[in-house]
Structures are given as C-alpha cells and as structure tokens.
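Structure first, then comments.
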Amino acid sequence: MSARSSTRSLTRALPRALPLTPAVILLLLFLAGPIAYCAYIAFTDLQLTGQAEDSFIGFENFRTAFGDEAFLNAVWLTLVFTVISALLGQNTLGLALAALMQRASKPVRTLVGGIVVTAWVLPEVVAGFLLYAFFRREGTLNAILDWLHLPTQNWLYTLPILAVSFANVWRGTAFSMLVYSAALNEIPKEITEAAEVDGAGGWRRMWHITLPMIRRSIGTNLMLITLQTLSVFGLIWVMTRGGPGGKSQTLPLFMYEEAFQKSMIGYGTAVALLLLVVGSLFSVLYLRLLRTEV
C-alpha cells in the first residue's frame, strides 16, 4: 500500500511540476551555472591577457584580498555607503514621505509621488550625470550656496562618499516610499483612531502602533534596498569613478578595476564572490527578522 501511495503521489506531482520545468532549466542555465563557474574562477589565477592557461591556486586570491589595504578600504566604504544611503537614507525618507502623504491632499500626493518616482525610473547613468552636475565645483549646489553667501567646496573631491550616498538616496527613495505606502494603507483605521481617542500623539502612534504593524514590510524593504545598494556601480562610476584616491571606491568598483582594468579576472571574481557572501549575510539577517511574529 505504501508503494502504491508513493507512486500515486509521484504521478500527481509530475503534472504539477511540468509547467515549472522551463523556468527551473533557465535558472540553472543562466543563474546557477554562471555562479558556479565564477566560484571556480575565484580559485584560479585567470587573467585577461599575458597568460597561456590558468591554474588552480586555492584560497590565494582570498588571502591576497584580506591583506590588501585597497580591498579593506573598499569593504569599509561599501558598508558606509550602504548604511548611509539605504538603511538611513532611502528607508527613513521613504517611510517619512509615505506617512506624510497619508495626510496630504490628492494634488500634493500626485505631485510629490511623481517627482520622487521620476528620479527612480531614470537610468542609473543619467541619474549619475545629473548628480555630477549638481555636486561638481561649478554645479548647482555651489551656485545655491554662493547665492546664500555660504562657503562652497568641491563636494566630489572633499566628501565623495557622502555625495554618492546622497545621490543613491535621491534615486532610490521612491521604492521605499511605495512599499511603505502600501503597508500603511493596510493598517485598519479603527486602530489608529482608537489610539488617537485615547490621547496618543503622532509619535506614540507611530512608535507603538504603526511600526510594529508594518515590521514585516520594513524587513522586506530593508533586504531589497540593501541588496540593490550593494550592487550599485554605474551611479558611482559616472560621478567619481571611485576617486579621488579610492575615497568612494566600493566593492563593485574595486572588483571592476581588478578584473577588467588590471586584467586579474581570478582576483576580481574572488572579490565578487565575497560581495555575494556579504549580500547573503544581510539576507539571512533580514529573513530572521521576517520570521519573527509581530
């Protein structure tokens, strides 16, 4: 009987699995396959030029990375860039805009939403050029400061990591705003109205009612914007190219420089694998947060 039931279960499961077969094949071919090949390359000394054949060198690329001051600097700047632009910037500003737009009139919501979403849908390279024109020495920001009789400076030279972080906040806040707008709309009005009748102010309602009820949305949003921010390349490349002196060189730019400018594909792929590990650690952290019940 057990063999027959197993056969019946398998017979029923096969038709259900057939529609998923093309998607699974594509994922294995175009996602798992390249990741596995990159994992292999990370343990070789493969170069773009000047090499007849590559050889397996074990963990040498990883030992080189952790002994490389430029790599450690890129790791630190990547964390700074992620915390400032994603965790603090996009997440906080997106929540604030979503909360404010709940009480705004329809014309104001349409105008603000249109402006914020426009920055989001712009191609990364176009956004990079716009923010470069804003922050450069002869740019818009210094023109405004000069008009206000305030001191000016070359922001892309003196504070490059903050400039590119602000640029990423400006470009990516719309996603967080949309996520939180949807989450806030799901909160029953009866709960907030009851808290208001009981004398709870705006901040107390936000802290004790709103945030706990949208905690799962916060975790999802944090995970998505963190992974997106870790992979930002074009925006920083257009604005600073990682300079000056590596002061805005995050891991994607460091990886590109090592792999394609210095032709060290094996070393650059090892750095990419470490970046994948960093993203996985953030994902595990946020998934644990999502499992926690409100």
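The values are calculated or read from the model by the stated rules, or taken from the named source; none is laboratory data. Since this is a predicted model, take the numbers as computed values, not measurements. FYI the Cβ positions are ideal-geometry reconstructions off the backbone, even for glycines, and counts take in every protein chain you see. All accessible areas refer to the heavy atoms of the entire protein, side chains included, with ligands and DNA or RNA removed. Shrake-Rupley method; radii C 1.70, N 1.55, O 1.52, S 1.80 Å.
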* Hey, got the dipole for segment 122-223? About the Cα centre, +1 on K and R Cβ, -1 on D and E Cβ, debye to the nearest 20? -> 260
* Asked: What residues have an amide H closer than 5 Å to that of Thr44, excluding those fewer than 5 places away on the same chain, when H is modeled at 1.01 Å from N in the peptide plane?
  -> Ile57
* Counting Lys and Arg as +1 and Asp and Glu as -1, what is the net charge of the other residues whose Cβ lies under 13 Å from the Cβ of Thr158? -> +3
* Structure fact -> Expressed as a whole-number percentage, the relative contact order of segment 23-67 with C-alpha contacts under 8 angstrom and at least six residues apart is 28
* Asked: Pick from Gly266, Gly58, Gly172: which is most flexible by mean-square fluctuation in a GNM of the chain where alpha carbon atoms under 10 Å apart are linked?
  -> Gly58
* **Gaussian network model of the chain, springs between alpha carbon atoms under 10 Å - residue of Val125, Val277, Val108 with greatest fluctuation** => Val108
* To do: Mind running the shape call on the chain? Use the C-alpha gyration tensor, a ≥ b ≥ c as the square roots of the eigenvalues: rounded below 1.5 for a/c, prolate if a/b tops b/c, oblate otherwise.
  => oblate
* Asked: How big is the accessible area of Ile225 in square angstrom, nearest 10, if you roll a 1.4 angstrom probe over the protein chains?
  -> 10
* **Distance between segment 58-85 and segment 174-191 - C-alpha centres, whole angstrom** => 37
* Once you've got the GNM for the chain with C-alpha springs shorter than 10 Å, pick whichever of Leu20, Leu88, Leu131 has the biggest mean-square fluctuation. => Leu20
* Backbone HN-Hα couplings from phi across segment 70-86 [Karplus 6.51/-1.76/1.60, Hz, Gly and Pro as x] -> 5, 5, 4, 5, 5, 4, 4, 5, 5, 5, 4, 4, 5, 5, 5, 7, 9
